[in-house]
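Enquirer: What follows is a single structure, and I will ask about it in a moment.
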């Protein structure tokens, strides 16, 4: 069970909430529809602050409705529960949201946990040797950064995918399979654990279809996000076309 990120806020999928409270998703959807109907008449309340309409694709490739629940929505559902199930659900969602809040509010502490501090001269020398070896093995990566990572501004998935000889669709599917992004309605969003890292930005653009005019938020990658994708692919021995040519020439 993990939090998702929807346009900058932490949310839970209603399907996961249903599992957490031991209820059929269809029954929870019915309850949410009732909650929204009760909230709507109050002009000071916005149902979308509690329950965000969304969709998902089932195993039969059919698009089904669901909701995304921010903390307010989880609290609303919890207040409707009683006894052990209510207490357990409250404990779970509070722990999830607080854990994510701590990660966002203490980035330095989280970063320090990822970098061991040597306690002895022996450990320091070993770390230095390991780092030197890693830098030697990563020389093609450094060259690639130097030549490709200087371009400022946002990039589309299509532009990044071309570096690897891939299509945007192939790269999106790879990122989805590795739980980095997921499809939310008609657009892609980051999983919560990667949100707030400066990897992406949403760039709005206007569109017009048979339903009229609207605004769509298009996910684009920063240069930091581009490097993040490069590193993730490299972990699976997938390298940019330019780097593959350099490696073949060695």
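The values are calculated or read from the model by the stated rules, or taken from the named source; none is laboratory data. Just so it is clear, the structure is predicted and the values come from calculations on it, not from any experiment. Note: ideal-geometry Cβ built from the backbone for every residue, glycine included; neighbour counts use all protein chains shown.
Enquirer: Among residues belonging to region 68-94 that are out of contact with any strand residue (DSSP E or B) (no Cβ under 8 Å at 6 or more places or on another chain) and not in a helix (DSSP H, G or I), point out the one that is surrounded by the most Cβ atoms within 10 Å (Cβ to Cβ).
Expert: 81
Enquirer: Can you name every residue in region 215-249 that is part of a helix (DSSP H, G or I) and modelled with pLDDT under 85?
Expert: 223, 241, 242, 243, 244, 245, 246, 247, 248, 249
Enquirer: Assuming residue 71 fulfils every condition listed in (1) in contact (Cβ under 8 Å) with a residue 60 or more places away in the chain; (2) on the phi > 0 side of the Ramachandran plot apart from one, which condition is it?
Expert: If we test residue 71 against (1) in contact (Cβ under 8 Å) with a residue 60 or more places away in the chain; (2) on the phi > 0 side of the Ramachandran plot, just (2) comes out false.
Enquirer: Restricting to region 1-19, give me the number of residues that are crowded, with 18+ Cβ neighbours inside 10 Å and touching a helix residue (DSSP H, G or I) at 6+ places or on another chain (Cβ under 7 Å).
Expert: 8
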